[in-house]
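Each remark here refers to the structure printed beneath this line.
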Amino acid sequence: MSLQKKKTPMREQDPKERIKNYKEVPFGYNDQEALMEAERCLQCKHQPCVDGCPVKVPIPQFMQAIKDGDVVEANQIIKTKNSLPAVCGRVCPQEEQCEDLCVMGIKNEPVAIGRLERYVSDYNMERGSDKSSSKEIEKMKIPELKGRKVAVIGSGPAGLTAAADLAKYGLKVTIFEALHDTGGVLRYGIPEFRLPKSIVDKEVESIKELGVEIKLNIVVGKSLTVDEIFEQGYESIFIGVGAGLPRFLGIPGENLNGVYSANEFLTRVNLMKAFKYPEYKTPVIVGDKVAVVGAGNVAMDSARTAKRLGAKDVYIVYRRARNQMPARSEEIHHAEEEGIELKLLNNPVAIHGKDGCIDKMECLKMELGEKDDSGRRRPIPIEDSNWMLDVDTVIIAIGQNPNPLLTKNTKDLDTESWGGIIVDDTQQTSREGVYAGGDVVTGAATVIKAMGAGKQAVESIKDYLLNKKDN
């Protein structure tokens with residue numbers, strides 16, 4: 001039987017319909033589609049796809065389990081390395097990681113690894129068989145670590161991953177979360193139509209079932225300090241608080257009514273459920289014309305959310321070219337299908353308004369010059385090319401830095417000039433027993449890379465505690 005050259009298509013909501021709702025856009029594979037796609041896996045002995053995965057999911061093995069008709073076993077295989085498979089199957093940039101190294105992709109399209117991971121997780125969630133193998137967890141427990149206390153600060157992807165893996169070793173783990181709900185960026189940052197919050201809830205519940213305790217509404221650095229956590233008997237701490245402090249352009253007019261940071265805009269809509277106003281008393285006003293500055297996944301999420309809130313014209317304004325856009329190609333494709341217009345090679349230089357409210361954004365046209373340090377051709381302003389874009393709302397989506405509240409109130413914790421916590425290659429900070437990972441170290445990155453950092457930190461914490469016991 002010859003293998004199909006292209007990925008098995010995934011059915012989706014029609015763009016004209018989905019801009020009127022917050023339901024998930026792709027429907028996911030059914031059993032037959034998943035089997036067809038899994039059959040495309042070549043079962044390579046050298047497994048390059050695993051090398052491309054930051055958490056090292058045994059990809060060929062779970063593919064084989066699908067082919068064998070054992071989707072429960074496929075889930076158990078994934079869960080040995082990944083505690084958030086339903087999330088990763090939806091939001092991971094697989095095309096840049098595991099699928100980028102897939103041997104099938106050399107002459108044809110790579111295997112749809114992310115879609116199959118989602119299929120396996122959803123299949124098991126629907127049947128209540130989505131838990132990690134109890135036998136596998138028993139094998140991981142280390143007697144010397146049983147019952148010893150470790151704290152995790154932040155319940156985003158890095159914190160949840162670290163907590164799950166620490167608990168599997170037999171440690172008593174407590175997560176301290178600043179917000180009133182769990183998930184971090186998974187809940188406040190990523191819209192419902194891309195990552196349903198019911199999925200986040202189920203993934204968190206499976207981690208709690210490992211024995212992880214979660215304490216909400218505790219702002220470490222304000223309600224509680226790192227020193228006070230140690231005083232409570234915790235022997236080590238993992239910091240995974242993400243990057244929640246928005247960056248701005250620093251141009252005139254950013255203080256006008258109608259300017260949002262993407263962080264505030266998405267938090268209002270996702271966490272505080274502004275899309276259900278007035279059922280939820282969280283106002284968010286977008287008007288008819290919305291400009292989103294930036295071209296990453298957060299910018300796409302903001303633009304597509306604005307469309308669903310009723311904006312007629314939504315623009316992505318980006319100073320570089322299309323092939324330099326950092327967003328996933330799938331997110332760009334979905335945005336354009338939904339009528340989002342790209343205004344590329346344009347840089348905002350001022351926001352203008354009347355009576356304190358926005359009415360225009362002034363842009364300067366750009367052209368590409370020589371390559372800069374990032375390896376991309378540098379955008380250069382075209383003199384006297386200023387033009388005006390009529391807008392009611394501007395959303396700034398050019399990245400985030402860590403909130404300084406924790407770092408400023410923690411002694412002897414070294415940070416970068418931009419606020420990121422400095423760690424070594426084991427994720428250890430300048431403080432003994434304190435480790436950090438994810439966006440609080442790197443600045444805004446991907447969910448799976450944050451998870452990889454959490455896993456690395458767990459191995460370091462395990463070795464630190466074992467060594468501490470020996471001494």
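Brief remarks follow.
- Segment 256-271, residues that are under 13 Å from residue 301 (Cβ atoms) and assigned to a loop (DSSP other than H, G, I, E, B): none
- One residue stands out among those in segment 300-310 that are surrounded by fewer than 23 Cβ atoms within 10 Å (Cβ to Cβ) and in contact (Cβ under 8 Å) with a residue 40 or more places away in the chain: the one that is farthest from residue 12 (Cα to Cα), which is 309.
- The residues listed here are 315, 280, 260; of these, the one that is in the same structural domain as residue 335 (by TED's automatic domain parsing), surrounded by fewer than 20 Cβ atoms within 10 Å (Cβ to Cβ) and aromatic (Phe, Trp, Tyr) is 280.
- Pair list, Cβ < 6 Å and 6+ apart or interchain, from segment 381-405 residues that are in contact (Cβ under 8 Å) with a residue 12 or more places away in the chain and crowded, with 16+ Cβ neighbours inside 10 Å to residues that are basic (Lys, Arg) and in a strand (DSSP E or B): 391/289; 392/289
Listed here are the residues, each with its yes/no results for (1) under 21 Å from the mean Cα position of the chain (by Cα); (2) small (Gly, Ala, Ser); (3) within 25 Å of residue 445 (Cα to Cα); (4) at pLDDT 95 or above.
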site	(1), (2), (3), (4)
137	no, no, no, no
149	no, no, no, yes
158	yes, yes, yes, yes
195	yes, no, yes, yes
203	yes, no, yes, yes
215	no, no, no, yes
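- Segment 165-176, residues that are surrounded by 24 or more Cβ atoms within 10 Å (Cβ to Cβ) and either without any contact (Cβ under 8 Å) to a residue 12 or more places away in the chain or part of a loop (DSSP other than H, G, I, E, B) (or both): 171
- For segment 139-164, a residue qualifies if it is in a helix (DSSP H, G or I), of a type in the set (A, V, I, L, M) and more than 18 Å from residue 81 (Cα to Cα), and exactly one does: 145.
- Looking only at segment 131-175, residues that are in contact with an Asp or Glu (Cβ under 9 Å, 6 or more places away or on another chain) and of a type in the set (Ser, Thr, Tyr) come to 3 in all.
- Taken together, 433, 419 contain a single residue that is at pLDDT 95 or above and either in contact with an Asp or Glu (Cβ under 9 Å, 6 or more places away or on another chain) or under 18 Å from residue 226 (Cβ atoms) (or both), which is 433.
- Looking across 331, 370, 336, one residue alone is more than 24 Å from residue 275 (Cα to Cα), of a type in the set (Asp, Glu) and out of contact with any Leu (no Cβ under 6 Å at 6 or more places or on another chain). It is 370.
- Evaluation of residue 236 against (1) buried (at least 20 other Cβ atoms within 10 Å of the Cβ); (2) polar (S, T, N, Q); (3) in the same structural domain as residue 306 (by TED's automatic domain parsing) (one fails), failing number: (3)
- Qualifying residue in segment 409-422 (condition: touching a residue at least 24 places away in the same chain (Cβ under 8 Å), part of a strand (DSSP E or B) and either in contact with a strand residue (DSSP E or B) (Cβ under 8 Å, 6 or more places away or on another chain) or at positive phi (or both)): yes
- For segment 71-94, a residue qualifies if it is part of a helix (DSSP H, G or I) and under 15 Å from the mean Cα position of the chain (by Cα), and the qualifying residues are 85, 86, 87, 88, 89, 90, 91, 94.
- When 214, 229, 251 are screened for being assigned to a helix (DSSP H, G or I) and of a type outside the set (Gly, Ala, Ser), only 229 passes.
- Filtered by the rule that a residue be surrounded by 17 or more Cβ atoms within 10 Å (Cβ to Cβ), in contact (Cβ under 8 Å) with a residue 24 or more places away in the chain and either assigned to a loop (DSSP other than H, G, I, E, B) or charged (D, E, K, R) (or both), segment 27-57 gives 28, 29, 33, 37, 40, 41, 52, 53, 54, 55, 57.
- Of all the residues in segment 78-108, those that are within 30 Å of residue 139 (Cα to Cα), modelled with pLDDT under 95 and β-branched (Val, Ile, Thr) number 1.
- Flag: residue 448 does not match the condition of being of a type in the set (A, V, I, L, M) and either on the phi > 0 side of the Ramachandran plot or in contact with a Leu (Cβ under 8 Å, 6 or more places away or on another chain) (or both).
- Checked against (1) touching a residue at least 12 places away in the same chain (Cβ under 8 Å); (2) surrounded by fewer than 19 Cβ atoms within 10 Å (Cβ to Cβ), residue 460 meets all criteria but (2).
The values are calculated or read from the model by the stated rules, or taken from the named source; none is laboratory data. It should be emphasised that the depicted structure is a prediction, and the values quoted were computed from it without experimental measurement. No Cβ is skipped: glycine too gets one built from the backbone with ideal geometry, and neighbour counts run over all protein chains shown.
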